[in-house]
Structures are given as structure tokens and as C-alpha cells.
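The values are calculated or read from the model by the stated rules, or taken from the named source; none is laboratory data. All of these numbers come straight from a predicted model, not from anything done at the bench. Please note: Cβ atoms are built from the backbone with ideal geometry, for glycine as well, and neighbour counts cover all protein chains shown. Ligands, DNA and RNA are excluded from the accessible area calculation, which covers all protein heavy atoms including side chains. Shrake-Rupley method; radii C 1.70, N 1.55, O 1.52, S 1.80 Å.
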Amino acid sequence: ALNDVSFEVKRGEIVGLLGPNGAGKSTTMKILTTYLHPTRGTAQVGGIDVLKDPVGVRRTIGYLPEILPLYMDMEVRSYLEFVGKARGLNGAKLRERLDVVVEETGLKPMYRKICRELSKGYKQRTALAQALIHDPEVIVLDEPTSGLDPHQIVEIRRLIRNLAEGKTVILSTHILQEVEATADRIVIINRGRIVGDGTIEELRNRAQDFERS
């Protein structure tokens, strides 16, 4: 699925992986989050090697996969408490982080609702909250606005922009407008290879230069 894909992301930067369905975006994210083992090569997240210390990588990242990792029969409150405890939080620290993520994601009106009863937008917010519960350095978001209506998309974009302060964010999408609205930099993947890397302005200028030549 991937062929010599290599790129770096700096702290505080939002990088969008852009490409058509099947280009290798999700595979890239699954390797970075240690869900998949690369057949060759390696990757580092926060200076930690995904092959040598996968548990260390998992402690460093918050991951929102394309298929939301919700337990549909649990209340939002119970679900986030469960994820927080699984992440090693308890007592006052867990309560503090719950208050923060619920505020950041706007989940307070739905806090005592069953996950199954939530709208698509609030399910997305709940899944984003679980990715943030342990205050990770790196946030990986696979198609974070997939299936949302225009208003919900604007809200999730705003949340992502707010999250970027002091953190590293990698998100994937096949929609150009999505990365234009959210990302500082775009890495374009097609057929398992990187075919472009830069800001939207840099990529436009290169395309214009190519057309002139």
C-alpha cells in the first residue's frame, strides 16, 4: 500500500494527508499508531520508534480512526471515564481531564446520553474526546469530518484548529477543501507514494510552474 513514504511533522503543526480513496492515507496512520506493522522501514512519533517501543508510541498519541471506537451501550460519561482509566488516569486527574475534554468538544449537553442515541456529529465529538482524554502530544485523525453535515464540519474544523496549539496534528481526507480549511501543510499521497508536500500556496505555485513549462 505504501512505497517509500517519508515526511516530518513539527510540534504545533497541522498536516493534512490528502489523496483519493485507496491512496494509502489510512495505512500510513495505522503504521504511525502501531495498528499495522510495516514490512520494511520504520517511523518515529515524538522521537519514539513504532517498532522498538509501540507502547511508548501509544502513550504519546491520541487516535481517532475512521470507524469510531465507541461502545454504543455506554453513556458518554461512562465511556470517557473508561477510556481515561485505560489510559492510566484516576482520581482528581481523571476528573480534571474529563472536564477539559467535555468543554473542548462541547459534549456537556450529551454527557449523560447513551452513545447509541447521539447524532453523527456528537458521536464524532465523543470519539474525539476519547482521543484527547490523556492530553497526548500527537493527535492522529482519520477522515475526522466524514459523514457530517456542513454545520458539523465547520464545528469539527474549529475544534481541530484549537487543538493544534502546542500539539502535533495529522489528519487525512480525500477532500481538498478540508485540508485548505484546516491544515498548515499538505502531504499528497497517490498510489502509495508522496507526490506533493507543502503549503497550499506552494503547491499551487508548483502546479502553475509545471503548466507553464
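Values computed for the structure shown
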read-out: Hits in the range 44-88 (condition: of a type in the set (Phe, Trp, Tyr) and more than 27 Å from Thr28 (Cα to Cα)); value: Tyr79, Phe82
read-out: One residue from Arg206, Arg157 being of a type outside the set (A, V, I, L, M, F, W, C) and within 13 Å of the chain's Cα centre (by Cα); value: Arg157
read-out: Residue within the range 122-136 that is closer than 23 Å to Met29 by Cβ, open to solvent by 10 Å² or more (accessible area, probe 1.4 Å), touching a Lys or Arg at 6+ places or on another chain (Cβ under 7 Å) and in a loop (DSSP other than H, G, I, E, B) present; value: yes
read-out: Leading residue by the ranking (most open to solvent (accessible area, probe 1.4 Å)) among those in the range 71-114 that are outside any helix (DSSP H, G or I) and of a type in the set (Phe, Trp, Tyr); value: Tyr71
read-out: Among residues of the range 183-206, those that are in a helix (DSSP H, G or I) and modelled with pLDDT of 90 or more, counted; value: 0
read-out: Residues of the range 147-175 satisfying the condition of being part of a loop (DSSP other than H, G, I, E, B), more than 17 Å from Thr105 (Cα to Cα) and open to solvent by less than 60 Å² (accessible area, probe 1.4 Å); value: Gly166
read-out: Checking Arg11 against (1) out of contact with any Asp or Glu (no Cβ under 9 Å at 6 or more places or on another chain); (2) open to solvent by 90 Å² or more (accessible area, probe 1.4 Å); (3) basic (Lys, Arg); (4) closer than 21 Å to Leu159 by Cα, the condition it does not meet; value: (1)
read-out: Residue under evaluation Asp142, criteria (1) in contact with a Gly (Cβ under 7 Å, 6 or more places away or on another chain); (2) surrounded by 20 or more Cβ atoms within 10 Å (Cβ to Cβ); (3) not aliphatic (A, V, I, L, M), criterion not met; value: (1)
read-out: Count of the range 18-66 residues which are part of a strand (DSSP E or B) and crowded, with 16+ Cβ neighbours inside 10 Å; value: 7
read-out: Residues that are open to solvent by 70 Å² or more (accessible area, probe 1.4 Å) and among the aliphatic types (A, V, I, L, M), drawn from the range 176-212; value: Leu176, Val195
